[in-house]
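Asks: Handing you this structure, nothing more for now.
The values are calculated or read from the model by the stated rules, or taken from the named source; none is laboratory data. Since we're looking at a predicted model, the values are computed, not measured. Here Cβ is always computed from backbone atoms with ideal geometry, including for glycine, and neighbour counts include all displayed protein chains.
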Amino acid sequence: MYKSRWSLSLLIGIIAACSAPGTAIAPSTPALAASAGLNVRPIMSIAAALIAPTELSGLIAQPFSLVRSESGEQRIRQILTSADGGEIMRVESALDGSLRFVAKAGVALDGGRLSESAASAHALRHLNRLGLSAPIGGPAVSGAAGRTLVAWSRQVRGVPVLNDGTRVVLNAAGALVGLAIEESPLAAPPSRIARSEAALVAAAALLPSGALLREGPDLAWVLPTDVPAGPFDERTPRSLAWCVTGVLRDGAAFAMQLDAGSLALLGWDVAP
């Protein structure tokens, strides 16, 4: 249940980002951008992989800026405009130069949708053009508002990193609308992982009266919600956790995360 809600949220978020990328990220200090931009691939070289040579003429690369993503990662933003100032492409990279976000303006949209196999093939072709590695495993393919979303979930040692991964948005012809890549920092895993049976007992002991477990426990890398937030310039690493879901006495759904080693409570979320 929670995985499907996250998938829908990601689809809505990436569609909004590709159609109006300026709303998702707040600007930071230009002075830091000047020192951080040395390792970033120029936007014109990225555009050359996605835009026909005849359409590159007259485009202008604007000065880059340092921004912060909704997940807290510092990024370098580059914008490519036409001669009259209209935005053609927006690109964001991590400070080490890793490409994180691309949004193209003016891509024709209609009500059509690609087949899953065709969408996957087009998405992989775009990633290859940008010099990005093909994600591991098969993607989930969905569609909305004339766009097709091809999403690969990130896994580390076979364990999913919740909300991380590579998402490519295409139009009905397979042209790139945008892409987003999220790779959160990970905390060191525990030296010994508790057995799933022990995690189930620990979770049951924390349930309020009348609550029932429905699914789990399953291992996942999660963002702890019951720990103090770090400084604004640091991202809280994901922790390896046993995750369970269930329902409260009143029927509200909940998700619980326990530290994979100590079985201490890391997070407790109740669906609105």
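Asks: For the list (1) touching a residue at least 40 places away in the same chain (Cβ under 8 Å); (2) closer than 24 Å to Trp242 by Cβ, I need the number of the one condition that Ile136 fails.
Replies: (1)
To keep it simple, each residue is scored yes or no on (1) farther than 30 Å from Val67 by Cα; (2) in the same structural domain as Ala105 (by TED's automatic domain parsing).
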| residue | (1), (2) |
| --- | --- |
| Gly178 | no, yes |
| Ala211 | yes, no |
| Pro217 | yes, no |
| Ala220 | no, no |
| Ala253 | yes, no |
| Met256 | yes, no |
| Asp259 | yes, no |
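Asks: Across the range 62-80, what is the total count of residues that are closer than 16 Å to Ile46 by Cβ and crowded, with 17+ Cβ neighbours inside 10 Å?
Replies: 7
Asks: For the range 119-134, how many residues meet the condition of being of a type in the set (Lys, Arg) and touching a helix residue (DSSP H, G or I) at 6+ places or on another chain (Cβ under 8 Å)?
Replies: Count: 1.
Asks: Filter the helices (runs of 4 or more DSSP H) completely within the range 1-97 down to those with at least 2 residues that are modelled with pLDDT of 50 or more and among the basic types (Lys, Arg).
Replies: The helices (runs of 4 or more DSSP H) meeting that bar number zero.
Asks: If you don't mind, another one. Filtering the range 259-272 down to residues that are of a type in the set (A, V, I, L, M) and in contact (Cβ under 8 Å) with a residue 60 or more places away in the chain, which residue is surrounded by the fewest Cβ atoms within 10 Å (Cβ to Cβ)?
Replies: The qualifying residue surrounded by the fewest Cβ atoms within 10 Å (Cβ to Cβ) is Ala271.
Asks: Report whether or not Gly210 is at positive phi and surrounded by 15 or more Cβ atoms within 10 Å (Cβ to Cβ).
Replies: No, not satisfied.
Asks: Could I ask something else about it? Filter the range 40-79 down to the residues that are under 14 Å from Arg90 (Cβ atoms) and either outside the structural domain of Arg125 (by TED's automatic domain parsing) or small (Gly, Ala, Ser) (or both) and list them by number.
Replies: Ala47, Ala61, Ser65, Ser69 - these are the residues of the range 40-79 that are under 14 Å from Arg90 (Cβ atoms) and either outside the structural domain of Arg125 (by TED's automatic domain parsing) or small (Gly, Ala, Ser) (or both).
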